[in-house]
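The values are calculated or read from the model by the stated rules, or taken from the named source; none is laboratory data. What you are looking at is a predicted structure, and each value in this text was computed from that prediction instead of being measured. Please note: Cβ atoms are built from the backbone with ideal geometry, for glycine as well, and neighbour counts cover all protein chains shown.
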C-alpha cells in the first residue's frame, strides 16, 4: 500500500510538473531567442547608422569637388571612407559576438565574408527584416541608404547557440525545481503512507491476536475515517465473540455439572450390588464417567484465551506446543487393547467378532491417556451404533517409525514417526458422497465422535482418514504423532 501510494504520487506529480514546466522551458527558450534578436536588431541599426555616416562623407567630399570644378570623389577619398566604415564593422565583431558584415552596393563586403543572397538583394530595396537561414540561427538585415553608388546592407547573423544563449542554465534550474517538488511530494506521500500502513498493520495485529484466541485484544481507532470505522467494528466483533463464547462455555459447564447427580446415583447403585465382581466393574465404569464429566467441566472453565489458542493451533495445523507434546504421552497399544477388552463383552452379546492386533511392545504417542481412550471409545462405539448386530470389527495398531539418529556406544537411538490406529467393520459403510464432519454424521447421531478422534489426532501432529474397508464396510484410520523415546538396539 505504501509503495503503491508513492508510485501514484510520483506519477501524478511528474505529470503535473511536466504540464507546467515543459511549457515554461519552451517559453524561456523563446524569450531568449527574442532577446537575442532584439539585441542583434539594435546592433544592426547602430551599424547602419555609423557605416552610413562614414560612407556619406565620401559623397559630401565629391559634392564639394563639384563646386571647385572636380567631377566626383577621388579614389583616395573613397578609399578613406571605406577604411573608416571597415573599422566600424571590425569593432562590431569579436569573440562571442554575432557575425557582423556590411555588403556595399558594388558587392564588396566589409567585415567577415558573406554571400550576396536573395535576402540581401531584398534589403537593398529599403526594407529591414529578420529571417532564419536554412543552416539555423537568425539573421537581421538593415539597409544603409543615402550612400554613393546605391544601397548597402548591414547584416548581423546569430548562430543557434547565440540565439538560445542562457537557456541551458534556465532549463537546469527548472528541472531542479521539478525534481525538488517531486521529492517533496514523495516525502509527504511517504509520511501519509506510513500513517495509513501503520494503522492497517496495527489493525491486522489485533485481528491476528483475536484469531490466536486472545479475546482481550482491542484495536485503537487511528488513521483515516475508514480505518477508524473498521477498528470500531473489529472491537465490536471481538466483544460479541467474547460474549458468545462465555455464554457457550458457561452452558457447557452447567450441563456437565448437572450430570454429577445421576452419576452419583449410579455410583450408589453400583455399591449396592450383591455381586462384588459386578459391583467393582460397574463402579470402575462410573468412576471413568465421573472423570469424563470432571474433564468436561475443567475444559469448559478454562480461560477463553487459552482455549482459543488451542483451537487456533489445531486449525492452523501447527499442532500443540512442543513442551506440551513432551509432557503428554500415552501407550496407544495399551490403551487400544484395554478399550477393546472393555467392549468385548458387549460384542459377544451381539454376536460380533472383535479382532485386535498390535505390536508386542509399547507404541508411545503424544496424547493424553484420557483423551486417547475417549478417541478409541468413539471409534469402537460408532461400530456398535451404526452397524447391525453380528457385524464384526477389527482394531489394529501399527507403529510406522523412522530412525532419528544413530545410537551411541550404549546402542541407543531416538525414534519418531506416526502410529496408526485403524478400526474396520463389516457394516454398510459410509453413505455415498458423505464426508464426516462435526455436527453431521449421516447416521442420525450428533456427529461428535469422529470429531473427537480428529482433534485428538491433529493435536498430536497426526490426521484422520475415512474410507472403505476391503469387505465394503467403513474404515477409519487415525494417525498419532509418536513420542521420541530411546530404543535399545540389543
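When 89, 84, 51 are screened for being at pLDDT 85 or above, assigned to a helix (DSSP H, G or I) and farther than 28 Å from residue 161 by Cβ, only 84 passes. Against the list (1) surrounded by 19 or more Cβ atoms within 10 Å (Cβ to Cβ); (2) touching a strand residue (DSSP E or B) at 6+ places or on another chain (Cβ under 7 Å), the condition residue 386 fails is (2). Determine, yes or no, whether residue 407 is in a loop (DSSP other than H, G, I, E, B), loosely packed, with under 12 Cβ neighbours inside 10 Å and either modelled with pLDDT of 85 or more or touching a strand residue (DSSP E or B) at 6+ places or on another chain (Cβ under 7 Å) (or both). When the stated conditions are applied, residue 407 does not pass them.
Among the strands (runs of 3 or more DSSP E) confined to the range 431-490, the ones with at least 1 residues that are over 23 Å from residue 394 (Cβ atoms), modelled with pLDDT of 60 or more and in the same structural domain as residue 385 (by TED's automatic domain parsing) are located at 474-481.
Do the conditions hold for residue 105, that is, is it more than 26 Å from residue 35 (Cα to Cα), in the same structural domain as residue 83 (by TED's automatic domain parsing) and assigned to a loop (DSSP other than H, G, I, E, B)? So residue 105 passes the test. Scanning the range 149-163 for residues that are in a strand (DSSP E or B) and on the phi < 0 side of the Ramachandran plot yields 151, 152, 153, 154, 155, 156, 157, 158.
Every test in (1) surrounded by 13 or more Cβ atoms within 10 Å (Cβ to Cβ); (2) within 21 Å of the chain's Cα centre (by Cα) is passed by residue 178 save one, and that test is (2).
Counting only residues that are at pLDDT 50 or above and closer than 26 Å to residue 244 by Cα, give me the helices (runs of 4 or more DSSP H) lying completely in the range 271-340 with at least 2 of them. Write out each step before concluding.
Details: elements: 276-300, 304-315, 322-327.
Correct list: 276-300, 304-315.
Of the residues examined, residue 116 is not one that is modelled with pLDDT under 80, assigned to a loop (DSSP other than H, G, I, E, B) and more than 27 Å from residue 164 (Cβ to Cβ).
None of 146, 135 is within 12 Å of residue 48 (Cβ to Cβ), modelled with pLDDT under 85 and outside any helix (DSSP H, G or I) except 146. Among the residues of the range 351-368, those identified as exposed (fewer than 14 other Cβ atoms within 10 Å of the Cβ) and at pLDDT below 90 are 360, 361. Which ones in the range 189-238 are touching a residue at least 60 places away in the same chain (Cβ under 8 Å) and in a helix (DSSP H, G or I)? Passing the criteria: 189, 190, 192, 193, 194, 196, 197, 200, 211. If the condition is being surrounded by 17 or more Cβ atoms within 10 Å (Cβ to Cβ) and within 25 Å of residue 388 (Cα to Cα), then the range 455-465 contributes only 464.
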